[in-house]
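Right, one structure below, let's go through it.
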Amino acid sequence: MSNAEHAAILQQKIAQRIARAGSIDTAEFMAMTMGDKQHGYYANAEPFGQKGDFITAPEISQLFGEIIALWVIAAWQALGCPAAFVLCEAGPGRGTLSDDMLRSLAKAAPACARAANMVLMETSPALRRRQQEKLAKHDRPLTWVEDCAALGTYIKGRLSQAPLIFIANELLDVLPVRQYQKSAQGWHERRIKADKTGRLHFVPGRPQILPLLPPDTAFARACRAAKPGAIIEISPARQAFVQALSRLLAANRGAALLIDYGSLEHGFGDTLQAVAKHRFAAVFENIGTSDLSSHVDFAALMAAAQAENCRAAAMPQGEFLLQMGLLERAGWLGADKDEACRRQIIADVERLAAPDQMGELFKILCIADLDTIMPPFAP
Ligand code: SAH
């Protein structure tokens, strides 16, 4: 079946769902377009890399996975160099980050590489196959799980009480988000309806109290004072994900790195975006063939982790990579290369870490159990 045929079926499914329910929220729209097991974006599209719709940090340069490997070694040491631990990458895409990370671990810290039980958390069957092909060369057992609950079951069953080291790059931004808009009557959820021709558009839901927003915070006060037209985004799915992950970390010990674009503070604004072939597209066009995502509210996720008895801290990606030795590693990598290759390495470093590229927009959230102090996030 072609991508266009998958997209047509997906649009029909969404139209039928709207006809039955009257309207759907943005979270359901995202979940359907991205996550549908047969026809969703990740089930069929070839999203990553130069030829795909967007390019992610591990696809830019092997340096990214190598630096993450250094962090994994630091986490393993902070946990007391356990003889067995679970190393999980969630949302691994083509498997590039795990590939670079496993290669670097084997070279830089063989004992850590041997102790690692590799688990991939992935919902897309097509991408699971891609990951399996890519990682076969490491010649080690690999386990796939669907979600944090399944990861918990795996740890309990196979490696009772083994600590967990967890990585996810650009996973949170695809988890569904709900949007709310202020009017003179108060806050309304932004809901989605179809017109007679099937075209989708936003309509305001009934006025309501904003969910998941502790009332006594500065941001809750800013929401009460906001002018009509203001929009905020709340993601129960992201908060539930971080909550489940934090519970695993608190129960088994461990540390997690969640890397994504977004803000360290709560904010206003509509950040839902569609990207196809490296360009922004209209959110309601190209359903199922463009990547839908939104900015991550890291402040909300830090609060969710802390509420589950974990440490949480975040910093911009550029700062993290530089503190972890990106420039030194790039120097080594370029040492025996020709001029063109060295220029490419410099360009890649700038793309990953420069403030006007990915360095400031992307943030790195570290969550760890209360006894594990993780560089470079240590107080
Ligand atoms: N980390 C990769 C890919 C990011 S794209 C990179 O940086 O290149 C998002 C990835 O998350 C895809 O592999 C997608 O199939 C997966 N995914 C989407 N929803 C998921 C969920 N709920 N749980 C686990 N993986 C998910």
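For the stretch 199-283, rounded, prolate or oblate, judged on the Cα gyration tensor with a ≥ b ≥ c (square roots of eigenvalues), a/c < 1.5 rounded, else prolate if a/b > b/c?
oblate
Would you mind putting 211-219, 244-252 in packing order, based on average other-beta-carbon counts within 10 Å, highest first?
244-252, 211-219
Label points 7 Å out from Cα along the Cβ direction at Arg140 and Glu319: separation in nm?
Between Arg140 and Glu319, the label points sit 3.1 nm apart.
Just to be sure I understand: with springs between alpha-carbon atoms less than 10 Å apart, which residue in Glu319, Glu170, Glu265 has the highest mean-square fluctuation in the Gaussian network model of the chain?
Glu265
What area, in nm² and to one decimal, does the C-alpha convex hull of the stretch 1-48 cast on average over all directions?
Averaged projected hull area, Cα only: 3.4 nm².
Whole angstrom only: what separates the Cα centroid of the stretch 98-162 from the Cα centroid of the stretch 323-342?
28 Å
Where does helix 125-135 land angle-wise versus the long Cα axis of the chain, in degrees 0 to 90, nearest 10?
Here the helix axis deviates by roughly 20 degrees.
For the chain, take the longest principal axis of its alpha carbons; what is the angle in degrees between that and the long axis of helix 236-252, to the nearest 10 within 0 to 90?
The angle comes out at about 30 degrees.
Take the alpha-carbon centre of the stretch 353-379, take the same for the stretch 1-64, and report the distance between them in whole Å.
29 Å
What number, rounded to the nearest 500 deg cm²/dmol, is the helix-based mean residue ellipticity at 222 nm of the chain, given -39500 (n - 2.57) per DSSP H run of at least four residues and division by all its residues?
Helix contribution divided over all residues of the chain: -13000 deg cm²/dmol.
Roughly what would the spin-label model give for Gln208 and Lys196, points 7 Å off Cα along C-beta, in nm?
The two pseudo-label positions are separated by 3.0 nm.
Taking the Cα centre of the chain as origin, work out the dipole magnitude from +1 charges on Lys and Arg Cβ and -1 charges on Asp and Glu Cβ, in debye rounded to 20.
Dipole of the chain, to the nearest 20 debye: 920 debye.
From zero up to wherever the largest Cα-Cα distance of the chain sits, split into 20 Å bins and tell me the percent of pairs in each.
Values per bin, smallest distances first: 27, 57, 15, 0.
Looking at the stretch 184-226, which trypsin sites (Lys or Arg not before Pro) are DSSP coil and have at most 15 other C-beta atoms within 10 Å of their C-beta?
Sites meeting the loop and neighbour criteria: Lys196, Arg199.
Counting only the backbone N, which residues of the stretch 90-126 are under 17 Å from the spot 7 Å out from the Cα of Ala84 toward its beta-carbon?
111-120
Taking the Cα-to-Cβ direction at Arg158 and at Ser183 and moving 7 Å from each Cα, how far apart do the two end points lie in nm?
So the label points at Arg158 and Ser183 sit 5.1 nm apart.
Given 0.36 nm per residue, what is the gain on full extension from Asp216 to Lys277 after removing their alpha carbon distance, in nm?
Answer, rounded to one decimal: 17.7 nm.
What lysines does Lys196 reach when the alpha-carbon gap must be under 23 Å and sequence neighbours fewer than 8 apart in one chain are set aside?
Within reach: Lys13.
Please sort by residue number the trypsin sites (Lys or Arg not before Pro) in the stretch 1-63 whose DSSP state is loop and whose Cβ has at most 10 other Cβ atoms within 10 Å.
Those satisfying the criteria are Lys51.
Rule-based calculations on the coordinates, nothing more; no lab input. Bear in mind that the values here come from a model prediction, so they are computed numbers and not experimental data. Positions of Cβ are backbone-derived with ideal geometry, glycine not excepted, and every protein chain shown enters the neighbour counts.
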